[in-house]
1. Can you pull out every residue in the range 39-50 that is more than 11 Å from Thr109 (Cβ to Cβ) and either modelled with pLDDT of 85 or more or not assigned by TED's automatic domain parsing to the domain that holds Thr77 (or both)?
2. Among the residues of the range 118-159, count how many are touching a helix residue (DSSP H, G or I) at 6+ places or on another chain (Cβ under 9 Å) and either more than 13 Å from Asp174 (Cα to Cα) or touching a residue at least 24 places away in the same chain (Cβ under 8 Å) (or both).
Amino acid sequence: MTRPFFLAILLVLCCLAGHQSQAQQASISTSKSGKTVTPSVTPFKQGVIMRNGKMVEVNNQQSTPLTETKRFPNGSTVTPDGVYVNRAGQEIQMTEGDRVDIIGVFSKTPVIINESTVVTGDTAALRNELQQAQQLQTRLELLQRKRELLEQKNTLLESAAQNKTKSKELQKLDADLAKIKQQLTQAEGKKQ
């Protein structure tokens with residue numbers, strides 16, 4: 001059962017190793033950058049906020065460090081180490097910029113994230129390897145489906161030897177196997 005899968009993975013690795021020298025000319029880099037919307041952009045007038053890693057109580061533009069657990073009207077609490085516990089008892093570890101208003105409603109930090117991926121160099125080799133890997137993946141899926149169908153057929157044949165009423169199911173499995181065989185043949189034709 002795992003043997004065909006192992007052989008398929010080994011085949012993929014061999015194909016990729018053969019083209020490794022070509023792929024070394026190309027590189028892929030991904031970068032992420034984020035920007036937290038700070039309280040100066042979105043003013044926060046009353047409640048508790050995490051600033052510079054510390055819990056701070058804000059009251060009309062005056063900030064004081066939170067030194068003891070604060071209970072809010074809705075039943076939630078915030079501890080000085082930044083753990084928000086809602087009235088249902090669910091705990092949330094607050095992060096930079098997270099805030100709780102004077103009623104006790106928790107708000108996550110608004111964050112703007114920019115992500116970019118850059119591919120440089122000779123990408124033709126990467127494209128060819130990707131196509132080969134996709135073809136191998138398709139072939140692997142078809143072979144796995146074929147194995148499943150053959151196992152079902154074997155089970156039905158064993159029971160059919162005892163009971164001849166399963167012939168319609170066997171015919172359906174034979175038709176499915178023929179379709180898989182045709183798809184495998186087509187996949188082989190595309191590969192060459």
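The values are calculated or read from the model by the stated rules, or taken from the named source; none is laboratory data. Note that the structure is a prediction, hence the values are computed from the model and not measured. Ideal geometry is used to build each Cβ from the backbone, glycine not excepted, and the neighbour counts take in all protein chains shown.
1. Gln46, Gly47, Val48
2. Here is the first cut: in the range 118-159, the residues touching a helix residue (DSSP H, G or I) at 6+ places or on another chain (Cβ under 9 Å) are 119, 122, 124-126, 128-129, 132-133, 135-140, 142-147, 149-150, 152-153, 156-157, 159.
Cutting the leftovers down to either more than 13 Å from Asp174 (Cα to Cα) or touching a residue at least 24 places away in the same chain (Cβ under 8 Å) (or both) gives us 119, 122, 124-126, 128-129, 132-133, 135-140, 142-147, 149-150, 153, 159.
Counting residues in the range 118-159 that are touching a helix residue (DSSP H, G or I) at 6+ places or on another chain (Cβ under 9 Å) and either more than 13 Å from Asp174 (Cα to Cα) or touching a residue at least 24 places away in the same chain (Cβ under 8 Å) (or both) gives 25.
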